[in-house]
Amino acid sequence: MKITIIGAGNVGSHLALTLHQAGYTILQVYSRQLSKARPLAEQVGAAPIHQLSAVSTESELCLLAVKDDAIGVVAQNLSPFLPKTTLLAHTSGATPSTLLSDAWANWGVFYPLQTLSKGQPADFTQIPMCIDGATPAIQQALQEIAGQISHQVHLVNDEQRATLHLAAVFINNFTNAMLQASHTLTEEAQLPREILSPLLQATIQKGTRQEPRMAQTGPAIRRDQQTIERHLRQLANHPELSTVYKAITSYIQTF
């Protein structure tokens, strides 16, 4: 199958490299800036392009790895240049399929449920791939492609995928923000960042082995008000962290 990657950012880069390694032909890599498309295209033996009108009619699958708010516009803009038989799939967790189906009959979703950053290795065999498509035949085709790169392939509809994406924001984005908060506090106290690493590892292990609320410890679940007030006094110079502390403490106390 000949694949064109629309977008040379984090997701587009990882998918281009992974699909290329799996033996798929990456025909083209598109970015609005040719300087961004060219390095990735060179790695996968593709042609770099920076105009949607240059997308090859030989493309059997176009993967839209662009920002969520650009998906619908890009799909519309591709419409005059590609045969209607081309399969157009986006890689977003939060974007409904209707943004494609309104402009394209052969639409699909090819969503890797993972945080991906350029230059950071990712083992796609362990990344859940969430698939959807306009017809059972398209769903099967995308499942087969996903199955070549991942051991976890799931057929997921729009509503389920939106919920997954929301849950992923909590487990990844918010967790990462909490890591930054802890880093800020330990750095101010001239403590080594790695001193909290064993606690972080234990938290992840416990939280994945059982229902997380059953593993909850700390002053909020104990309703240790004196410690909570002490913590809030320590955060006097960090009003944004104080707000977060209060909100999460309140949430924990609903367990």
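A few remarks follow.
- The chain, dipole about Cα centre (Lys/Arg Cβ +1, Asp/Glu Cβ -1), debye to the nearest 20: 460 debye
- Degrees between helix 10-21 axis and first principal axis of the chain (Cα, 0 to 90, nearest 10): 60 degrees
- Rounded to the nearest 20 debye, the dipole magnitude of segment 1-148 is 360 debye, with +1 charges on Lys and Arg beta carbons, -1 on Asp and Glu beta carbons, and the Cα centre as origin.
- Normalised alpha carbon radius of gyration of the chain [divisor 2.2 N^0.38 Å]: 1.22
- Among Glu229, Glu159, Glu42, residue whose mean-square fluctuation peaks in a GNM of the chain (springs only between Cα atoms under 10 Å): Glu229
- Order by protection proxy (mean Cβ within 10 Å, highest first), peptides 16-23, 2-9: 2-9, 16-23
- Structural descriptor for the chain: relative contact order 12 percent, calculated from alpha carbon pairs under 8 angstrom and at least 6 residues apart.
- Here segment 38-136 exposes an accessible surface that is 51 percent carbon and sulfur, computed with a 1.4 Å probe and the other protein chains kept in place.
- Mean residue ellipticity (222 nm) of the chain, computed from DSSP H runs ≥ 4 via -39,500 (n - 2.57), nearest 500: -13000 deg cm²/dmol
- Going by accessible surface with a 1.4 Å probe and the largest first, Val109, Val169 read Val169, Val109.
- GNM on the chain, alpha-carbon springs under 10 angstrom: the most fluctuating residue among Ile71, Ile145, Ile204 is Ile204.
- Within a Gaussian network of the chain (alpha carbon springs, distance under 10 Å), most fluctuating of Ala236, Ala89, Ala103: Ala236
- Beta bridge orientation in the chain: antiparallel %, DSSP, nearest 5: 20 percent
- Residue-count net charge about Trp107 - beta-carbon cut-off 12 Å; Lys, Arg +1, Asp, Glu -1: -2
- Within the shell of other residues whose beta carbon sits under 12 angstrom from the beta carbon of Val11, the net charge comes to +1, with Lys and Arg scored +1 and Asp and Glu -1.
- Assigned charges on the beta-carbon of Lys, Arg, Asp, Glu; segment 145-255 dipole about Cα centre (debye): 340 debye
- Contact order normalised by residue count of segment 72-174, Cα under 8 Å, 6+ apart, percent: 24 percent
- Radius of gyration and Dmax over the Cα atoms of segment 147-214, both given in Å: 16.4, 48
- Residue-normalised accessible area of the chain, expressed per residue, 1.4 Å probe, Å²: 57 Å²
- Whole-number percent relative contact order across segment 115-255, with pairs defined as alpha carbons under 8 Å at least 6 apart: 14 percent
- Segment 15-63: C-alpha gyration tensor shape, a/c 1.5 cut-off, then a/b vs b/c: oblate
- For segment 68-134, convex hull of alpha carbons as volume per residue, Å³: 106 Å³
- Once the Cα atoms are used to define both axes, helix 158-168 deviates from the longest principal axis of the chain by about 40 degrees.
- Three-way shape call for segment 155-255 based on the alpha-carbon gyration tensor, with the a/c threshold at 1.5: prolate
- Between the helical axis of 175-188 and the longest alpha-carbon principal axis of the chain there is an angle of about 50 degrees.
The values are calculated or read from the model by the stated rules, or taken from the named source; none is laboratory data. Small disclaimer: the values here were computed from a predicted structure and weren't measured. Using ideal geometry, Cβ is built from the backbone for each residue, glycine included, and neighbour counts are taken over all protein chains shown. When the accessible area is computed, the model is the full protein with side chains, heavy atoms only, and any ligands, DNA or RNA have been set aside. Shrake-Rupley method; radii C 1.70, N 1.55, O 1.52, S 1.80 Å.
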